[in-house]
Amino acid sequence: MLPKQCQMALKEWAITVEAMAQGNQILLLRKGGIHETGKDFRVIHREFLFYPTYLHQKEDLLQPSHQPTLRKMLEQQHNDEKITFSYWAKAEEVLEISDQEKVDDLEPHYIWTTAYAQSKLHWKPMLPLSVLLLRVYKLEKPVTVSYLPEYGGCTSWVEILSNVKLGNLEPVLDDAEFKKRVDDVKGSLGLAVNAG
């Protein structure tokens, strides 16, 4: 049963949110924001809105095939006083990896350069990198809220002041395609895939 409203949001580059919205990617790699409590990322919420951010996005951190999409995105006007939520996600699984080879093996499954993905692994090297396998859903209609100062800063999680109504959520990928993608990711990591 899917929820009808949500208050928790996860900040993520707008270009990555777009890739997930198009069904081109189902995973996120996270270790944490600079101002995270305890300085490391924790999957404290398994269900959340995507909060698209525009800071720090750079063409040279993306694989060449995704750079034109970012260029187009950055050419458009963005109202910093408003946040529009269009997608909600559920972390179906959270895996942890600690070696660079595994990060490189995931390269077909993300839009970033391997160097950028590796940089996530190497930041705070004692901690594993979280690989979130996300089922992404489109909100029935986008919801725009006013930006508040407490939403700012380099943190991953933001609690939105008012509940965001989700309406009837529509999965970006159907069940069979999502399962195939999960199996592909796990296969790249050398993990057993679920039968059925």
Expected vector for the stretch 76-83, Karplus 3J(HN,Hα) from phi with 6.51, -1.76, 1.60 and θ = phi - 60°, integer Hz, x for Gly and Pro, equals 7, 6, 10, 8, 6, 8, 10, 10
Among beta bridges assigned by DSSP with both residues in the stretch 5-185, the antiparallel ones amount in percent, to the nearest 5, to 85 percent
Given (i) 25, 20, 17; (ii) 36, 18, 15; (iii) 29, 19, 18 as possible values of semi-axes √(5λ) of the Cα gyration tensor in Å, the one from the coordinates is (i)
Amide H contacts under 5 Å for Tyr147, restricted to residues at least 5 apart in sequence or on another chain and with H modeled in the peptide plane, are Lys82, Ile83
In this structure, among Lys120/Lys180; Lys72/Lys165; Lys120/Lys141; Lys102/Lys180, pairs with alpha-carbon gaps over 21 Å are Lys120/Lys180; Lys72/Lys165; Lys120/Lys141
For Leu166, other-chain or 5+-apart residues with amide H closer than 5 Å (H placed, Pro excluded) are Gln5, Cys6
Expressed in angstrom and rounded, the centroid-to-centroid distance over alpha carbons for the stretch 148-181 and the stretch 116-131 is 23 Å
Summing -39500 (n - 2.57) over every DSSP H run of at least 4 residues in the chain and dividing by its residue count gives a helix-only mean residue ellipticity at 222 nm, to the nearest 500 deg cm²/dmol, of -6500 deg cm²/dmol
hull vol. (C-alpha, convex hull) per residue for the stretch 56-116, Å³ -> 137 Å³
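Each value in this text was obtained by applying a stated rule to the coordinates, not by laboratory testing. These figures come from a predicted structure and were not determined experimentally.
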